[in-house]
Amino acid sequence: MGDITQLLNAWQSGDESALARLMPVVYAELRRIAVRAMRREAVGHTLQPTALVNEAYLRLTQQERTNWRNRTHFFAIAAQLMRRILVDHVRRRQRQRRGGEHVIITLDGMQDLAAPEPSGSAVDVLALDEALGKLEALAPRQCRIVELRFFSGLTVEATAEALGISAITVKREWAMAKTFLYRELRPAREAACGGERP
């Protein structure tokens, strides 16, 4: 894994060959993040994990001002880009359908949400993006924690390392973020279940 940080540093220093060597090293982890993100998507989603990885990788290579600190930082940015790609994809599909059906994802990974809802409750991907936008405006670090834990699948310790904070702070802010998201997403979940509580 130290190779990734070395390759990122070399790439950042202008070594274009480092970028070519980076892809084979990071591909498996990028694919794992993509599969995790796609697992939450509705059946029949038209974007495949491989396409998501490729698009995210293209966007990563276009990052000119990013100061890559380490491999965790790289994968955190990758997960954030994948979330944006999925949201953009859903928005394009809805425009094509003129306000067509919403794409539903599940909240796997938030099992210990501070509410009586079971894990896997369905929610609209655009509603989640909107809720994360509100959270980012109120508590940017909590939003980053959600991106790292929920979208990247990072552990508490890896999230703490990526953000330069303690694991205890991550746990506390993760709990607060989940409570906020639960409140924000409750109407969308109820609408997805036909107006009844899921």
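Taking the conditions exactly as written (under 21 Å from A158 (Cα atoms) and either surrounded by 14 or more Cβ atoms within 10 Å (Cβ to Cβ) or modelled with pLDDT of 85 or more (or both)), does V53 satisfy them or not? No.
Looking only at the range 139-188, residues that are assigned to a loop (DSSP other than H, G, I, E, B) and open to solvent by 50 Å² or more (accessible area, probe 1.4 Å) come to 3 in all. Residues of the range 64-87 that are among the polar types (S, T, N, Q) and open to solvent by less than 60 Å² (accessible area, probe 1.4 Å): T66, N70, T72, Q80.
Of all residue pairs spaced 6 or more apart or on separate chains, those with beta-carbon atoms under 7 Å, a first member in the range 47-58 that is on the phi < 0 side of the Ramachandran plot and a second member that is charged (D, E, K, R) and part of a helix (DSSP H, G or I) are P49/R31; V53/R31. Restricting attention to the range 8-23, the residues that are part of a helix (DSSP H, G or I), more than 18 Å from E55 (Cβ to Cβ) and open to solvent by 20 Å² or more (accessible area, probe 1.4 Å) add up to 8.
The values are calculated or read from the model by the stated rules, or taken from the named source; none is laboratory data. Since the structure is predicted, the reported quantities are computational estimates derived from the model, not experimental observations. We place every Cβ from the backbone using ideal geometry, glycine too, and count neighbours over all the protein chains shown. Side chains included, ligands, DNA and RNA excluded: accessible areas come from the protein's heavy atoms. Shrake-Rupley method; radii C 1.70, N 1.55, O 1.52, S 1.80 Å.
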